[in-house]
Amino acid sequence: MTSGRYLTRTSPQLASVPRANEDLANGLGNLVNRIVSLVHRYRGGEVPPGEIETDAELRELEIKVAKAIADFDLRAGTRFVCDAVATLNREIEGARPSAVAKEVGPQAVSRLDSLLARCIEDARVIASAAAPFVPRLSSQLLEQLGSSSRLPRFIRYSFASRVPEVWPELPETEPAESAAKTDPA
């Protein structure tokens, strides 16, 4: 039996990790596709320029995740990322980008540009914070969000001003161990 399967079977803390990772991957992937679709629909894939400041809580996300991992609390780490995904989804719903896009005038254009740019930046922060749990997916999402670097945000990254088209379906997030493997003991 591999150590991952052993730990999952013997530790209630780790038993829910695969499910949490799956929820995280689905929620984050859907959020990124939603945001990239908006950028393509309203700005032809061009990320509006400008310096975007994320809110204080989101800036602390990677630190909170790192602390949870250091405390061996993987459930809390994934919960922090899932909560950030849910919060950004609610903010997008509340901002109603389709309604803002229908408005006319320079203020409406500026509001939509700010909204889209902030959503892209916030999604980049969240995707980077998810790297310890779903590293391959995090890298793919950062690329989809216009990342020119596959390294996690806290190491170094820079982003392109254009995001690629929405990907129809992302490949499997992480290879799952076959349940059919037999125990060598």
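General remarks:
- Residue ID - modelled with the highest pLDDT, chosen from residues in the stretch 37-59 that are surrounded by 15 or more Cβ atoms within 10 Å (Cβ to Cβ) and over 19 Å from Lys102 (Cα atoms): Leu58
One line per residue, one yes/no per condition, for (1) among the acidic types (Asp, Glu); (2) touching a Cys at 6+ places or on another chain (Cβ under 9 Å); (3) not in a loop (DSSP other than H, G, I, E, B):
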| site | (1), (2), (3) |
| --- | --- |
| Gly29 | no, no, yes |
| Val39 | no, yes, yes |
| Pro49 | no, no, no |
| Ile63 | no, no, yes |
| Ala66 | no, no, yes |
| Phe72 | no, no, no |
| Arg75 | no, no, yes |
| Arg79 | no, no, yes |
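- Residues of the stretch 114-142 satisfying the condition of being in a helix (DSSP H, G or I) and either of a type in the set (Val, Ile, Thr) or surrounded by fewer than 17 Cβ atoms within 10 Å (Cβ to Cβ) (or both): Ser114, Ile120, Val125, Ile126, Pro135, Arg136
Conditions (1) at pLDDT 90 or above; (2) more than 20 Å from Val39 (Cβ to Cβ); (3) assigned to a loop (DSSP other than H, G, I, E, B), marked per residue:
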{"site": "Leu112", "(1), (2), (3)": "yes, no, no"}
{"site": "Ile155", "(1), (2), (3)": "no, yes, yes"}
{"site": "Val166", "(1), (2), (3)": "no, no, yes"}
{"site": "Pro171", "(1), (2), (3)": "no, yes, yes"}
{"site": "Glu174", "(1), (2), (3)": "no, yes, yes"}
{"site": "Ala179", "(1), (2), (3)": "no, yes, yes"}
{"site": "Pro184", "(1), (2), (3)": "no, yes, yes"}
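The values are calculated or read from the model by the stated rules, or taken from the named source; none is laboratory data. What you see is a predicted model, and the numbers here were worked out from it, not measured in a lab. In this analysis, Cβ positions are derived from the backbone assuming ideal geometry, glycine residues included, and neighbour counts consider all displayed protein chains.
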